[in-house]
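Here's the structure, in C-alpha cells; my notes come after.
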Amino acid sequence: MSAQEADLSSPLDGDTATDLAIVGGGFTGLSTALHAAERGIDCLVLEARQIGYGGSGRNVGLVNAGLWLPPQDVRRRLGEARGAALVKVLGEAPGYVQSLIERHQIRCEVTRTGTIHAAHSPKGYADLARRAEEWHRLGAPVELLSREEAAELIGSRCFHGGLVDRRAGTINPMGYVRGLARAAQGAGAKVATGVTARKLRRDGDRWVVETDRGAVTAKSVVLGTNAYSDDLWPGLKKTFTLIHFFQLATAPLGDRGRSILSGGQGLWDTGPIMFSLRRDACGRLIIGSMGTLVGGITGLSRRWAERTLGRLFPDLGKVAFEHCWHGRIAMTPDHLPRIHRLAEGLYTPIGYNGRGITPGTIFGKAMADLLAGGKEEDLPLPISEPNRVPSAPVMSRLYQLAFTANQLVKSL
Ligand SMILES: Cc1cc2nc3c(=O)[nH]c(=O)nc-3n(C[C@H](O)[C@H](O)[C@H](O)COP(=O)(O)OP(=O)(O)OC[C@H]3O[C@@H](n4cnc5c(N)ncnc54)[C@H](O)[C@@H]3O)c2cc1C
C-alpha cells in the first residue's frame, strides 16, 4: 500500500534447472534466497501472486524478539539446550533484521525504539512481569512499565502497564519483503512471480517442481508457503490451525496523532483476542485484531476500529479510514514454529503463530546455511515430522466465530 520499495515482478519462461527451488515470496522464501545466493547457491524463487502477497506483506510490522510464547515456556517445551539456543537466536533476531535493512538499504520505515506489549488487565500485567523477570535474567533490555509509564508512552490511560522491549522495532512489512526480494536478486537469486507450483515429484536425485509456467528441476526445495500452503505437498496445510488477522489504516493524522505512541513503538496487547496498533511514517494509525475483515472499509470491522480508537484515545475525535485488509496466520498446537524435512532435500519452516518477521528471516538464513553444507543439528529448531491436527478445521471456524463476536461486542 504505502511501501517505498518497488514491487518486483518477473515471469518464468519455460522449463529451467537450478540448485535450489524456493516456493513462496515472503520473508522465509526470500531470506532463504538472499542467504543462499550470497553463499554461491544458484536459486530460483517461485511466487504464485506478488512478492509479499502472503502474511509478509499484510503484517503489522512489529519486529519482535523471541516467540509469542514466553522464553521460559520455549525452554520448557524444547528442552534446556535447544530451547535456550532458540531463545538466544530469536532474541538477537531484531538486530539481525535491522542489520539486513541497513546493509541492503531497504526502504521500510524502520524504527529501532522498541515495541510495547500492553497489559489489558491485572492478569495480563502479571504475565508481562513473568516475561520481564526471565528476559532480565537473560540480560535483555526490557522494561516493565507501570500504568503511568505505559500511559505516557502509549498516549492512553487504558492499560494496566506494559513491557517495552528495546531490542525490537517496527517496519513497513511490504517494504521489507520487497527489499529482501531486491537484495536477493542483487546477490544473484532469480525471482519469478505469478508462477504457481502445482506438483512436486522426484526424478532420480532431483526434484521437479511442476508449475503453470514450466517445470523447474532442482537439487533441493524449500517451501516458504506457511499459512498460504495449498495442496502442493499433500497434508501440509492440515498441520496447523488457520486464523486471520485484520487491519485498517487511517488517513495521515498529522498533529492530532502525535501523542499516540510518540516514541515510535508499535504495540500489541495481552488480551486473549489480541489487538495491535502502529503509527506509520506518514502519521497513519494502523489498528488490527484477530479475525477476518467484516464488511470492508465501511462495515463491522471499521466500527470496531472507530470504537476502539475512541475508547483508547478519547480526545482523538473522528478519523477517516483509507485502507483495510486481512491475512492468514498458521497456529500450531504448542505455539512453537516447526522446521520439517518433508523428504530428502525438501524442507519447510512453518507455523510461526503470528510471529514471522524475525523467525522467517532467521529460518530462511538457517535453510541457506544447511543447504550450503551445514548440519541439521545446527538449525535453530530440531527437525520435526509434519503431524496433522485433526481438530484444525473445527478450531478455525470456532476461532473465527469468537473473533467476529468480539468485533460485534466491542462495536456497540
Ligand atoms: C495480518 C498479520 C499481521 C502479522 N503481524 C506480524 C507482526 O507484526 N510481526 C511478526 O513478526 N509477524 C506478524 N505476522 C506473521 C507473519 O506475517 C508471518 O509469520 C510471515 O509473513 C510468514 O512469512 P512466510 O514467508 O513464511 O510466508 P508468507 O509471507 O505467508 O508467504 C507465503 C507465500 O507463498 C506463496 N505460495 C503459496 N503456495 C504457493 C504455490 N503453490 N506456488 C507458489 N507460491 C505459493 C503465497 O502466495 C505467499 O506469498 C502477521 C501475520 C498477519 C497475517
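The values are calculated or read from the model by the stated rules, or taken from the named source; none is laboratory data. On a predicted model such as this, the values are computed, not experimentally measured, just so you know. We place every Cβ from the backbone using ideal geometry, glycine too, and count neighbours over all the protein chains shown.
Evaluating ILE286 against the criteria (1) within 18 Å of the chain's Cα centre (by Cα); (2) of a type in the set (Val, Ile, Thr); (3) under 25 Å from LYS365 (Cα atoms) leaves one unmet condition, (3).
Of the residues making up segment 259-283, those that are under 16 Å from the mean Cα position of the chain (by Cα) and under 19 Å from SER396 (Cα atoms) are MET274, PHE275. Report yes if ILE329 is free of Cβ contacts under 8 Å to residues at least 60 places away in the same chain, assigned to a strand (DSSP E or B) and within 12 Å of the ligand (Cβ to nearest atom), otherwise no. When the stated conditions are applied, ILE329 does not pass them. For ASP19, indicate whether it is more than 9 Å from the ligand (Cβ to nearest atom) and closer than 19 Å to GLU376 by Cβ. So ASP19 fits the description; yes. Only residues in segment 37-60 that are over 27 Å from PHE246 (Cβ atoms) count as the first member; pair them with residues that are of a type in the set (S, T, N, Q) and assigned to a loop (DSSP other than H, G, I, E, B), Cβ under 9 angstrom, at least 6 apart or cross-chain, and list the lot. Here the result reads LEU46/THR196, each pair linking segment 37-60 to a residue that is of a type in the set (S, T, N, Q) and assigned to a loop (DSSP other than H, G, I, E, B).
Going by the structure shown, is GLY288 outside any loop (DSSP other than H, G, I, E, B) and touching a helix residue (DSSP H, G or I) at 6+ places or on another chain (Cβ under 8 Å)? Here the answer is no, as GLY288 does not meet what is asked. Could you give me the residue pairs with C-beta distances under 7 Å whose first residue belongs to segment 240-257 and is closer than 30 Å to ILE350 by Cα and modelled with pLDDT of 95 or more, whose second residue is charged (D, E, K, R) and part of a helix (DSSP H, G or I) wherever it lies, and which are 6+ apart or on separate chains? So the pair list comes out as LEU248/ARG302. Taking the conditions exactly as written (farther than 20 Å from ALA81 by Cα, in a helix (DSSP H, G or I), within 13 Å of the ligand (Cβ to nearest atom) and not charged (D, E, K, R)), does THR358 satisfy them or not? Yes, satisfied. Every listed requirement among (1) within 12 Å of the ligand (Cβ to nearest atom); (2) of a type in the set (Ser, Thr, Tyr); (3) without any contact (Cβ under 8 Å) to a residue 60 or more places away in the chain is met by THR292 save one, (3). None of GLU344, GLU306 is modelled with pLDDT of 95 or more, more than 15 Å from the ligand (Cβ to nearest atom), farther than 29 Å from PRO94 by Cα and surrounded by fewer than 17 Cβ atoms within 10 Å (Cβ to Cβ) except GLU344. Among helices (runs of 4 or more DSSP H) entirely within segment 72-188, having at least 3 residues that are over 30 Å from ASP7 (Cβ atoms) and within 24 Å of the chain's Cα centre (by Cα) singles out 80-91, 122-137. Residue count for segment 309-333, restricted to those that are surrounded by fewer than 14 Cβ atoms within 10 Å (Cβ to Cβ) and in contact with a helix residue (DSSP H, G or I) (Cβ under 6 Å, 6 or more places away or on another chain): 0. Looking only at residues of segment 26-48 that are within 16 Å of ALA218 (Cβ to Cβ) and among the small types (Gly, Ala, Ser), we find that the one that is farthest from the ligand (Cβ to nearest atom) is GLY40.
What about LEU30, is it buried (at least 17 other Cβ atoms within 10 Å of the Cβ) and at pLDDT below 95? So LEU30 does not fit the description; no.
Can we say LEU381 is assigned to a loop (DSSP other than H, G, I, E, B) and either in contact (Cβ under 8 Å) with a residue 12 or more places away in the chain or of a type in the set (Phe, Trp, Tyr) (or both)? Yes: the conditions hold for LEU381. The residues on offer are GLY214, GLY188, GLY194, and the sole one that is in contact with a Pro (Cβ under 8 Å, 6 or more places away or on another chain) and at positive phi is GLY194. Pairing each residue of segment 219-231 that is at positive phi with any residue that is near the ligand (Cβ under 10 Å from one of its atoms), provided the two are 6+ apart or on different chains, yields C-beta distances under 6 Å for ASN226/ALA330; ASN226/ILE350. Scanning segment 233-263 for residues that are surrounded by fewer than 19 Cβ atoms within 10 Å (Cβ to Cβ) and on the phi > 0 side of the Ramachandran plot returns GLY235, GLY254.
For segment 247-285, filtered to residues that are of a type in the set (A, V, I, L, M) and assigned to a loop (DSSP other than H, G, I, E, B), the residue that is nearest to ASN406 (Cα to Cα) is ILE273.
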